[in-house]
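See structure below.
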Amino acid sequence: MKKIVLSVLALSALVFSCKKDDDKKSTRDQLLGKWNFTSEIENHHYSGKDHFDTTKVPAGYATIEFKSNDSCIQIFNNQSDNSTFKVDGSSLIFKYTNNSDTVTVKSVTGSELKIWYKDPYTADEWYEYTDVFNK
């Protein structure tokens, strides 16, 4: 009887632990869909200090749409830009006709996406941006 109970418990643990793994979506799959750019957190680092500023983005001003065929449409101030995209770890790579851009996915849920990128100015001065998108 003891062996049967232990076998049932072990089988139950295996079934439920596998289900959780199956339910977890990859970063790429979580990106799919249309995202609205809602705010940008800017850090301008100079004089050895961080200087933060947050800008709210008007609704409809900018969107990004990730499609299941790895294509991407970015619309910014009524200007459209097409690319492909690839996720490599926490890196999100956009490939355009003549160049590419890489940003870091800070977090992604079913309703919010945060990407980060750094724009170096000098060795002691740079800008960091965290762009926030909502579905």
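V8 falls short on exactly one of the conditions (1) at pLDDT 95 or above; (2) surrounded by 10 or more Cβ atoms within 10 Å (Cβ to Cβ); (3) not acidic (D, E), and that condition is (1). Give the residues of region 112-123 that are of a type outside the set (A, V, I, L, M) and either crowded, with 16+ Cβ neighbours inside 10 Å or touching a strand residue (DSSP E or B) at 6+ places or on another chain (Cβ under 7 Å) (or both), sorted by residue number. E112, K114, W116, Y117, K118, D119, P120, Y121, listed by residue number. The set of residues in region 23-36 that are within 15 Å of K106 (Cβ to Cβ) and part of a strand (DSSP E or B) contains only W35. The single residue among A13, A59 that is modelled with pLDDT under 95, closer than 24 Å to E128 by Cα, hydrophobic (A, V, I, L, M, F, W, C) and not in a strand (DSSP E or B) turns out to be A59. Each residue in region 47-100 was checked for being of a type in the set (S, T, N, Q), loosely packed, with under 10 Cβ neighbours inside 10 Å and farther than 22 Å from N36 by Cβ, and 4 pass. Contact map, region 32-57: first residue at positive phi, second residue assigned to a strand (DSSP E or B), Cβ cut-off under 9 Å, separation 6 or more or different chains; pairs are G33/E65; G33/F66. Reported count of residues in region 124-135, each being farther than 20 Å from K25 by Cβ, surrounded by fewer than 14 Cβ atoms within 10 Å (Cβ to Cβ) and either touching a strand residue (DSSP E or B) at 6+ places or on another chain (Cβ under 6 Å) or aromatic (F, W, Y) (or both), is 1.
Of the strands (runs of 3 or more DSSP E) lying entirely inside region 65-135, not one carries at least 2 residues that are over 14 Å from the mean Cα position of the chain (by Cα), among the small types (G, A, S) and at pLDDT below 95.
For the residues S91, S68, the requirement of being small (G, A, S), touching a residue at least 24 places away in the same chain (Cβ under 8 Å) and within 18 Å of Q30 (Cβ to Cβ) singles out S68.
Among the residues making up region 39-58, those that are touching a strand residue (DSSP E or B) at 6+ places or on another chain (Cβ under 7 Å) and not charged (D, E, K, R) are S39, I41, N43, H44, H45, H51, F52, T54, T55, V57.
What number of residues within region 88-135 satisfy the criterion of being among the charged types (D, E, K, R) and more than 27 Å from G48 (Cα to Cα)?
5
Taking each residue of region 104-118 that is touching a residue at least 40 places away in the same chain (Cβ under 8 Å) and looking for partners that are surrounded by 14 or more Cβ atoms within 10 Å (Cβ to Cβ) and in a strand (DSSP E or B) with beta-carbon atoms closer than 6 Å, six or more apart or interchain, yields V105/L92; V105/I115; L113/W35; L113/F133.
The values are calculated or read from the model by the stated rules, or taken from the named source; none is laboratory data. Quick caveat: nothing in here was measured; it's all calculated off a predicted structure. Glycine also receives a Cβ, built like all others from the backbone with ideal geometry; neighbour counts cover every protein chain displayed.
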